[in-house]
1. Under a 5 Å amide H to amide H cut-off, with H placed in plane at 1.01 Å, what residues pair with Gly187 once short-range neighbours are removed?
2. Report the net charge of residues surrounding Asn239, where surrounding means a beta-carbon distance below 14 angstrom and charges are Lys +1, Arg +1, Asp -1, Glu -1.
3. Near Ser193, within a Cβ-to-Cβ distance under 14 Å, what is the net charge of the other residues, with Lys and Arg +1 and Asp and Glu -1?
4. For a quick check, take a GNM of the chain with Cα springs below 10 Å and name the residue from Asp260, Asp205, Asp135 with the largest mean-square fluctuation.
5. Under a plain spin-label model, where a point goes 7 Å from the Cα along Cα-to-Cβ, how far apart in nm are Lys125 and Asn175?
6. Got the relative contact order for the chain handy, in percent, Cα pairs under 8 Å and 6 or more residues apart?
7. Run the numbers on region 226-266 and let me know its relative contact order in percent, using alpha-carbon pairs under 8 Å that are six or more apart.
8. Once phi is turned into ³J(HN,Hα) by the Karplus curve 6.51 cos²θ - 1.76 cosθ + 1.60 with θ = phi - 60°, what whole-Hz value does each residue of region 220-233 show in order, with x for glycine and proline?
Amino acid sequence: MKWSEISIQTTNEAIEAISNILHETGASGLVIEDPQDLITAKESPFGEIYELDPNDYPEEGVRIKAYLPVNSFLGETIEEIKQAINNLLIYDIDIGANEVMLSEVNEEEWATAWKKYYTPVKISKKITIKPTWEDYTPVSSDEIIIELDPGMAFGTGTHPTTVLSIQALEQYLKNNDMVIDVGSGSGVLSIASALLGAKEVFAYDLDDVAVKSTKENVKLNHLENQITAKQNNLLDHVNVKADIIVSNILAEIIVRFIGDAWENLKDGGLFITSGIIQNKKQLVKDKLMEQGFEIVAINEMEDWISIVAKKV
């Protein structure tokens, strides 16, 4: 079978949105080539355990690659992707150079090419994310291993927005907490919550591909009894009182359901938000405070922000 590799030159800010567009159009095996990784891999206090080749990375911006089956609809699919990316400008998302290139690869090449990017990575004091095909021996007795198959959805969980979210969960989540994950993607935040001690987790995503990916990764980690994944638009019609709501999506989306998050949190509950680019920090902070939230912490990694807010 023939596959077409679509390569998009864009910005760090647009990664989450373009990744979602690609998955909605049926792309597989997403790869993000961010030259910042060449620096942070060396500086990481958690010791990322893989070697990166600078030749694989763009000199400016970031490169997102995904794979589409070559069929009679490929041309239309590519045009849909291009149009959807251009439409991100409506939401003031910087799409950078927005250069789109195509190349053809064989199925055997596709099946192995993207796996070289994914090896076990320790992303917090306790949590290591391990691709299913890699062997890994925990280095400490309290290390938590998350099994993930990046081929099914949204990367390995090592993007700064995800790392910030997991670090916040590790710091604030208590045993037997109830958690809601809004925009679950691959389910990595839901899985982290359950493994950190959450009694029950509700994972919601509007994209049915993401819901399926969450369910598959939940099974890989044997957490079916703790995590419920459903297709849902943000917190519409959700009536659950949670101790923590976590959401790693675009700032423009976060501000749309701050009121619903307030209603679905217990008094004293925490709203952990990530996916916020630097220039949208004040927007999200102001909206949270307008709702009545108290800002507990603001954490930064590269150009990304995570805000922890408390319902008081």
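A short reminder: the numbers here are calculations on the coordinates, not readings from a lab. Keep in mind it's a predicted model, so treat the numbers as computed, not measured. Neighbour counts run over all protein chains shown; Cβ positions are idealised from the backbone, glycine included.
1. Excluding prolines and chain starts, which carry no amide H, there are no hits.
2. Numbers: positive: Lys230, Lys241, Lys266; negative: Asp236, Asp260, Glu263.
Once all neighbours under 14 Å are counted, the net charge is 0.
3. Values: positive: Lys126, Lys174, Lys199; negative: Glu170, Asp177, Asp181, Glu200, Asp243.
Residues near Ser193 contribute -2 overall.
4. Comparing Asp260, Asp205, Asp135 in a Gaussian network model of the chain, the most mobile one is Asp135.
5. Rounded to a tenth, the inter-label distance reads 1.7 nm.
6. On the way: 641 pairs, mean separation 46.9, N = 312.
It comes to 15 percent, rounded to a whole number.
7. On the way: 22 pairs, mean separation 22.4, N = 41.
Reported as a whole number, the value is 55 percent.
8. For region 220-233, the Karplus curve yields 4, 9, 6, 10, 4, 7, 10, 10, 10, 10, 9, 7, 7, 8 Hz.
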